[in-house]
1. Out of the trypsin sites (Lys or Arg not before Pro) in the stretch 1-75, which ones are loop residues according to DSSP with at most 15 other C-beta atoms within 10 Å?
2. With everything on Cα atoms, drop me the angle between helix 192-208 and the longest principal axis of the chain, reported from 0 to 90° to the nearest 10.
3. Tell me, what % of the accessible area of the stretch 82-159 is carbon and sulfur with a 1.4 angstrom probe?
4. May I ask you to give the solvent-accessible area per residue for the chain, in square angstrom, as obtained with a 1.4 angstrom probe?
5. With runs of 4+ DSSP H residues as the only contributors, calculate the mean residue ellipticity of the chain at 222 nm using -39,500 (n - 2.57) per run, divided by the residue total and rounded to the nearest 500.
6. Which angle from 0 to 90°, rounded to the nearest 10, does the C-alpha axis of helix 140-149 make with the longest principal axis of the chain?
7. For residue 196, tell me the accessible area in Å² from a 1.4 Å probe, rounded to the nearest 10.
8. Distance cut-off 32 Å, Cα to Cα: go down the list 34/121; 110/174; 167/199; 34/174; 23/174; 23/121 and report the pairs above it.
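The values are calculated or read from the model by the stated rules, or taken from the named source; none is laboratory data. This structure is a prediction, so every number in the text was calculated from the model and none was measured. Positions of Cβ are generated from backbone atoms using ideal geometry, with glycine treated the same way; all protein chains shown enter the neighbour counts. Accessible surface areas use protein heavy atoms only, side chains included; no ligands, DNA or RNA. Shrake-Rupley method; radii C 1.70, N 1.55, O 1.52, S 1.80 Å.
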Amino acid sequence: MVRLGYLHNAARPFILQFTSYLKEHYPEIEIEFKGMPYKMLYTALDDNRADLNIMLNVYSPHQQRYELATMYRDQFCVVVRANSRLARDCADGIELSRLVSLDLLLPSEKDFPGLQERMRKVLETEPSLLMERARSFRDVDSMYIQVETSNSVGISTSANWAYGSSKVVYLPIKGVDAGIDVNAYIGRSLSGRTLTACKEALASCQAYLEDFSVLENARVQWRARVSALY
């Protein structure tokens with residue numbers, strides 16, 4: 001038995017590949033799927049609620065206690081209304097200087113441990129941004145609602161785009177490294193043949209994802225979905 005903890009959207013691009021590999025090569029190993037909210041997943045290995053965790057790389061160095069495999073590179077994006085001027089003018093990317101006077105929404109540190117800190121490191125490369133004015137959101141849906149109904153803009157990982165609201169668009173950030181890895185963290189509860197099987201399945205996923213771009217795939221869907229807007 002493998003208890004697979006995962007963030008739904010982050011794991012979605014390869015969870016089927018992982019499952020298919022185990023079923024084909026190790027049919028005796030069962031998988032218990034444990035999709036969890038971010039905050040719960042953050043401590044799932046420590047609390048022995050999962051054997052393998054698919055998670056954003058937000059852990060500080062002293063928390064990197066587990067063997068990991070990097071699956072793909074995601075990136076932070078600016079989330080704006082689909083029918084906004086920013087969506088039209090910055091379709092190919094937005095510079096952080098465009099955010100200086102805007103109402104900025106960041107994930108709550110309490111509900112998304114480590115994530116806001118990572119985002120701030122990207123955003124603070126623009127010295128004119130007044131980060132103390134940024135507001136927090138407790139879940140992605142509430143961020144979407146605020147962006148859709150006001151002049152606020154959010155910051156989120158691009159993996160959320162393809163499965164989110166059709167009324168927002170994710171703009172890549174230009175001029176800075178806004179990337180963040182999606183990793184598989186291997187718990188100490190795995191051993192023997194099960195550990196070997198999981199490592200092999202993760203390697204097959206890495207090969208599958210070699211040319212994968214979450215953001216570009218989402219942008220293709222975006223163009224097809226809202227091309228009639230302009």
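1. In loop regions of the stretch 1-75 (DSSP not H, G, I, E or B), the sparsely surrounded trypsin sites (Lys or Arg not before Pro) are 65.
2. 40
3. C and S atoms contribute 46 percent here.
4. 49
5. After summing the helix terms and dividing by residue count, I get -9000 deg cm²/dmol.
6. So the helix axis and the longest Cα principal axis differ by about 20 degrees.
7. Spelled out: residue 196, probe radius 1.4 Å, area about 70 Å².
8. Values: 34/121 30 Å; 110/174 28 Å; 167/199 39 Å; 34/174 35 Å; 23/174 41 Å; 23/121 41 Å.
Distance filter (> 32 Å) returns 167/199; 34/174; 23/174; 23/121.
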